[in-house]
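Quick notes on the structure that follows.
Rule-based calculations on the coordinates, nothing more; no lab input. From a predicted model like this one, the values you see are computed outputs, not experimental measurements. Glycine gets a Cβ as well: all are built from the backbone with ideal geometry, and neighbour counts include every protein chain shown.
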Amino acid sequence: MADRFWEQPVESGPQPASGSRFDVIVVGGGPGGAAAAGYAAMAGQRVLLLDKAVWPRDKTCGDAVGGKSLLHVEELGVRSRIEASPHFSITGVLFSSPRGDELRVSRSDGQLSGYVLPRRQFDHIMFQRAAELVLQAGGAVMQGFAVREVVFDNAANGPDPGPGMGDLRRVIGVAGDTGDRARSLSFSAPLTIGAGGVRCPVATAVVQETYDGRMVDREKLHYSAAFRQYWRNVEGATADSGPVEFHYIDGVLPGYFWIFPIGGGVCNVGFGIALRDLELHDRKLRGLQEYIINEVPRFRDRFAQAELVAGSSRGWQLPLGSPRPGEKLQPRRAFGAGAMLVGDAASLVDPFTGEGIGNALLSAKLAMGHFDPEEHARGFPLEAGARYQRALWKRLGYELRNSYKIQRLSRRRWLLNWFIGKARRKVELRRVLTESLMSREAQASLTSPFFLLRQLLF
């Protein structure tokens with residue numbers, strides 16, 4: 001691969017005429033959207049892939065591509081491209097407790113747990129591959145296209161019944177422009193995939209405008225805030241393979257601090273915390289991270305000779321996949337007639353780790369498995385969308401519920417100290433932690449009060 005290929009434009013091919021019809025419209029070219037477009041194109045479907053950005057572009061993130069992603073990047077034909085580009089190979093995870101005890105866990109089979117590489121680089125690989133697949137299948141790709149309107153009808157080719165009409169409303173396409181608001185372009189398809197992240201226009205149109213749902217919960221329990229910087233030469237984090245680090249630190253709990261090397265002596269360094277918990281602190285995200293790096297002795301020493309990469313400080317929000325009590329659709333609505341949502345647009349970020357790429361890729365594959373271009377040629381039906389939602393929660397609900405429980409447990413300083421200290425000494429507990437990298441059943445053990453009590457007492 002050419003040096004720094006991720007700084008080069010991505011070829012979009014010829015632009016479609018306004019009014020063109022496709023099998024699938026995908027709004028958002030990040031990992032979830034690129035995967036949805038790629039899977040659809042590999043199935044022979046004509047896809048329109050839209051993104052408001054123009055490549056090369058950046059995306060603020062922790063940059064980890066976890067083990068759940070490996071199958072999908074292999075299927076989509078991008079794993080070899082990742083491995084041929086600069087990256088960090090994850091061999092395990094290092095946790096530290098508020099009192100400074102450290103615990104290292106790794107996969108028992110010796111296999112990689114994933115990669116770390118900047119999203120500017122990873123997203124370029126994903127989008128470029130998706131564009132190749134889409135164009136090969138006779139579809140189209142548009143960069144710099146802003147969706148201004150999600151277009152609806154009444155599910156019977158009649159006029160849109162309007163906002164708040166729920167099941168009586170069906171998505172039939174989108175309209176927008178490439179910067180010239182005076183010239184609106186419109187496109188139609190039986191299925192529109194919302195993959196535009198936190199502020200995805202399709203998610204907003206379906207969840208909020210059509211079903212009067214909430215994009216952000218009132219209690220702020222299911223949204224997280226995060227802050228990221230890039231640093232060079234952080235002590236102990238300059239290799240090109242090894243563990244990624246999660247640290248729980250007095251003074252900033254219940255948030256956590258991470259150090260994710262990306263290779264070449266550079267690290268993604270950040271801090272994450274639930275929005276509601278952030279309100280407990282008198283400092284903003286940047287201030288909390290500065291406190292850790294400058295005042296906590298074990299990190300002050302590690303960063304003494306490190307250099308902050310200028311302009312790399314970024315904050316963002318994450319829609320968590322934690323279960324909503326009392327809600328029929330979990331974690332929140334991910335479909336409507338004519339539309340499905342994937343990735344962050346469906347609120348699928350892991351509540352404990354903040355990782356969202358793996359769930360974005362998985363949801364993209366699941367979504368496209370519920371669409372049949374022949375059967376659904378006259379419009380993607382509500383029943384198929386409901387089947388997707390059920391399949392999504394059946395696949396992810398178990399681990400998202402467990403992850404949320406672990407996130408809640410991690411708010412207790414004494415429990416973190418006990419758990420990590422105990423795991424250092426106790427083989428069974430360390431084994432469960434290790435297996436939790438791969439096993440949903442092992443994750444469940446970590447949230448079982450009976451398991452924890454047994455470990456505490458014996």
Please enumerate, by chain and number, the aspartates and glutamates with C-alpha under 18 Å from the C-alpha of residue 284, excluding those fewer than 8 residues away in the same chain. 250, 295
What is the helix-to-structure angle for 119-136, meaning the angle in degrees between its Cα long axis and the longest Cα principal axis of the chain, kept from 0 to 90 and rounded to the nearest 10? 30 degrees
Whole-Hz Karplus ³J(HN,Hα) for region 198-209, in order, using 6.51 cos²θ - 1.76 cosθ + 1.60 and θ = phi - 60°, x for Gly and Pro? 3, 10, 4, x, 5, 4, 4, 5, 7, 5, 8, 6
About its Cα centre, region 30-151 carries a charge dipole, from +1 on Lys and Arg Cβ atoms and -1 on Asp and Glu Cβ atoms, whose size in debye to the nearest 20 is 200 debye
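Can you tell me the FRET efficiency between residue 390 and residue 214 if r is taken as the Cβ-Cβ distance and R0 is 22 Å, rounded to the nearest 0.05?
Numbers: r = 21 Å, r/R0 = 0.95.
So the FRET efficiency works out to roughly 0.55.
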Work out the charge dipole of the chain with +1 on the Cβ of Lys and Arg and -1 on the Cβ of Asp and Glu about the Cα centre, then indicate which of 321, 343, 76 is farthest towards its positive end. 321
Which of the peptides 228-235, 348-355 is most tightly packed, and how do the rest follow, going by the mean number of other Cβ atoms within 10 Å of each residue? 348-355, 228-235
Mean Cβ neighbour count within 10 Å, used as a protection proxy, ranking 330-343, 403-416, 42-55 highest first: 330-343, 42-55, 403-416
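Mind checking the full-extension length gain between residue 233 and residue 168? Use 0.36 nm per residue of separation minus the Cα-Cα distance, one decimal, nm. It would help to have the intermediate numbers written out before the result.
Working: separation 65, 0.36 × 65 = 23.40 nm, distance 5.72 nm.
My answer for the length gained is 17.7 nm.
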Applied in sequence order to region 375-380, the curve 6.51 cos²θ - 1.76 cosθ + 1.60 (Karplus, θ = phi - 60°) yields integer Hz couplings, x standing for Gly and Pro, of 5, 9, 4, 8, x, 6
Value of relative contact order over region 1-55, rounded to a whole percent, pairs C-alpha under 8 Å and six or more apart: 39 percent
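Restricting things to alpha carbons, find the Rg to Rh ratio for region 305-418 using the Kirkwood radius for Rh. All intermediate terms of the calculation are to be shown ahead of the outcome.
Numbers: Rg = 17.8 Å, Rh = 16.0 Å.
My calculation puts Rg/Rh at 1.11.
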With the dipole of the chain worked out from charges on the C-beta (+1 for Lys and Arg, -1 for Asp and Glu) around the Cα centre, which of 238, 135, 272 lies farthest toward the positive end? 272
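Determine the gain in length on full extension of the stretch residue 18-residue 305; use 0.36 nm per residue of separation and subtract their C-alpha separation, reporting nm with one decimal. Write down the numbers at each step before the final one.
On the way: separation 287, 0.36 × 287 = 103.32 nm, distance 5.55 nm.
Taking 0.36 nm per residue and subtracting the Cα distance, the gain is 97.8 nm.
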Considering the zone a paramagnetic label at residue 175 would reach in this model (a point 7 Å from Cα along the Cα-to-Cβ line), which residues of region 19-43 have amide N under 15 Å from it? 19-20
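When you count, for each residue, the other Cβ atoms within 10 Å and take the mean per peptide, how do 253-263, 125-135 rank with the highest first? Don't skip to the answer; put the middle values down first.
Details: 253-263: 21.8, 125-135: 23.5.
Ranked by mean Cβ neighbours within 10 Å, highest first: 125-135, 253-263.
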Taking the Cα centre of the chain as origin and charging only Cβ (+1 Lys, Arg; -1 Asp, Glu), how large is the dipole, in debye to the nearest 20? 1340 debye
With each pseudo-label sitting 7 Å past Cα toward Cβ, what's the residue 427-residue 160 distance in nm, one decimal? 6.4 nm
Shape parameters for the chain, alpha-carbon atoms, Rg then Dmax in Å: 22.2, 72
Among 417, 389, 293, pick out the residue whose Cα is farthest towards the positive end of the charge dipole of the chain, where Lys and Arg carry +1 and Asp and Glu carry -1 on C-beta, about the Cα centre. 417
Average Cα contact separation per residue, the chain, under 8 Å, 6 or more apart, as relative contact order %: 19 percent
Tilt of helix 357-369 relative to the longest C-alpha principal axis of the chain, in degrees (0 to 90, nearest 10)? 30 degrees
At a 10 Å Cβ-Cβ cut-off, how would you order 113, 89, fewest neighbours first? 89, 113
